[in-house]
Structure formats: C-alpha cells, structure tokens
1. Just checking, does the stretch 117-125 include any residue being at pLDDT 90 or above, surrounded by 15 or more Cβ atoms within 10 Å (Cβ to Cβ) and closer than 22 Å to Thr144 by Cα?
2. So, in the stretch 172-200, how many residues would count as being over 15 Å from Ser92 (Cα atoms) and polar (S, T, N, Q)?
3. Could you grab the pairs with beta carbons closer than 6 Å, sequence gap of 6+ or different chains, first residue in the stretch 194-208 and modelled with pLDDT under 85 and part of a helix (DSSP H, G or I), second one among the polar types (S, T, N, Q) and surrounded by 24 or more Cβ atoms within 10 Å (Cβ to Cβ)?
4. Exactly one of (1) β-branched (Val, Ile, Thr); (2) loosely packed, with under 15 Cβ neighbours inside 10 Å; (3) under 22 Å from the mean Cα position of the chain (by Cα) is unmet by Ile164. Its number?
5. Kindly indicate whether any position in the stretch 20-29 is more than 27 Å from Ser204 (Cα to Cα) and touching a helix residue (DSSP H, G or I) at 6+ places or on another chain (Cβ under 9 Å).
6. Among the helices (runs of 4 or more DSSP H) contained in the stretch 1-95, which hold 2 or more residues that are of a type in the set (Val, Ile, Thr) and free of Cβ contacts under 8 Å to residues at least 60 places away in the same chain?
7. Exactly one condition in (1) of a type in the set (A, V, I, L, M); (2) within 18 Å of Leu113 (Cβ to Cβ); (3) free of Cβ contacts under 8 Å to residues at least 12 places away in the same chain is false for Ile141; which is it?
Amino acid sequence: MGKESKRGGMYIHAVLMGYVIITLYPLYWAFQNSFKRHVDIIVSPFMPVKHFTLQNYVDVWKTSHVNVYLINSLIVSSISSAATVIMAAMASYALVRIPYRKWNRGIMSILLLAIMVPGATILVPLYSFVRKFEQYFGFQIYDTYLSLILPYVTFGLAISVVIIKAFMSSMPRELEEAAVMDGLSIYGLFFRIVFPLTLPALVSVFIVNYLNNWNEFIMANLLLSKESLRTLAVGVAAFKDMLNTNYGGLFAATMYSVIPVVVVYIILQDKIIEGLTSGSMKG
C-alpha cells in the first residue's frame, strides 16, 4: 500500500511538473528572445542566446511610448483594484452582519450569476453606455481613465465579495461587540476593527483584481482611442506594426508588460494563498 501511494504521488508530481513546464516555457522563450538580435531570432528562435544584447529594451523604451503605457496601466489598475476592495469589503460586512437572510441569499445568488456571465456578452451595451454617458450624466468618460476604472470595478465586485464574505464569516462577533461597548461607531468599527482583521483577504483580492486589470485587453482597446491613454496590454499589441516586425523589440515590450506583475506575484504569493484559503479553513 505504501509503495502504491508513493508511486501515485510520483505520477501526480510528474503531471504537475509537466504542466508547469508547458505553462512557463512560452514565457521563458519570449524572455530569452528579448536579449537576441533580430537576425538571431529569425535564424534560431528556439536556441539559447549567443550574442547577448540589451539594445531591444533600450530601443523599445526610446522609440515607443512604453513609459506612458506603463504609467497608464499603473493608474488604472491601482485605482480600480483599491476601489473594488473597499466597496467589496463594505458589501461583504453588510451581508455577514445585517440580519436579513432572505435578502442576503438573493444578493449572493445575483453575485454568483454575475460571475458566470461572460464579459464579452455585454461589450456592445457597455460601449454604447460609455459613449452616451455624457448625455445621461452631463460629463464624458469615453477616452478617459474612468471609462476603464468603472467597468473594472463593476466586473471585479462579484468575485471579490464572495471571497471577502467567506473570510468575514469566520470572524468572532465578540470583538465587534467589545468595540461597540467602547463607543465605536459603525464606521469606526469597520475601519479600525474589521478592516485590519480581514487584511489577508483584502490583500489577496487586491492582487487578483490588479493582475486581471493589468492584463485586460478587450475593454481597454474598445473604450480608449487616444494613444496617450493606452494601457500596456494594448500598447504591446500594437508594437508589431510600430516596430515593423522587429521581433526583438516585440519580445522586449512583452517583458516590460510581464515582469512587473510576475515580481508582484512572487513577492506577495503567500498573502494571496492565505487570503483565499483562510476563510474556507476557518468557516
């Protein structure tokens, strides 16, 4: 029995290792090609680097607008992710503590339904609404950061509430009751007691939303037409024409887009796992 279980574990690890290799190889391939000369990429795209060069990164930074795209992505992803976390935390606390079970179940059913609806199905009405926003509310958001921030927050709320609510459900009520006895208002209770206690879940939700918003392409390409407002995902997609199929520059631009989120994920991956699993383990 011991040998069979050990052999089964070896098979599982082999399958997982194969999955990791298949998943990471395209990233490794793009990474090494970003340090090659254009002729080396054409002649031997799958061979290791022979003539190492950083010129691709220098050329992309100087001849394109990578710095502008990078700032745009940072602004949009950071603001939308932070707003999503704050709003989802407030909504989750209300669903956990306000004693209206029938309403809460209905709201959770709507949120789960929203998670299952493909985003592509509402692109046309979303585009129409953004273009007519000025007609409805008196100011224009098309071709502004808001045209992305508002949809990103909306799309991220449902899954964020589900994750944070699972974490908050495991919190002991005694802490909140003691805080109320000490004279804290509902806002003080939330921001001074609940918010710090749920920080692992909030950090994980922030990072998940941040990665999704950073890599999002369709809405960013649809709702922004000004080059000065393009995000990095949209800008990288246009580099092939801009650089006349300079594949070294294209791979370098891809790395500019990938490396920041990979570094953030590696540094904070423990927080992501803790936030996603703690609620299910305690609940």
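1. For the stretch 117-125, residues at pLDDT 90 or above, surrounded by 15 or more Cβ atoms within 10 Å (Cβ to Cβ) and closer than 22 Å to Thr144 by Cα: absent.
2. Total satisfying the criteria: 1.
3. Final answer for the pair search is none.
4. (2)
5. Yes.
6. Ranges flagged: 2-33, 38-43.
7. Evaluating Ile141 over (1) of a type in the set (A, V, I, L, M); (2) within 18 Å of Leu113 (Cβ to Cβ); (3) free of Cβ contacts under 8 Å to residues at least 12 places away in the same chain leaves (2) as the failure.
So that you can scan it fast, the table gives a plain yes or no per residue for (1) in contact with an Asp or Glu (Cβ under 6 Å, 6 or more places away or on another chain); (2) over 17 Å from Ala253 (Cβ atoms); (3) of a type outside the set (Ser, Thr, Tyr):
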site	(1), (2), (3)
Tyr11	no, yes, no
Met17	no, yes, yes
Val20	no, yes, yes
Asn33	no, no, yes
Lys36	no, no, yes
Asp40	no, yes, yes
Asn56	no, no, yes
Val60	no, no, yes
Leu74	no, no, yes
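The values are calculated or read from the model by the stated rules, or taken from the named source; none is laboratory data. The structure displayed is predicted, hence computed values, not measured ones. A quick note on method: Cβ atoms are made from the backbone with ideal geometry, for glycine too, and the neighbour counts reach across all protein chains shown.
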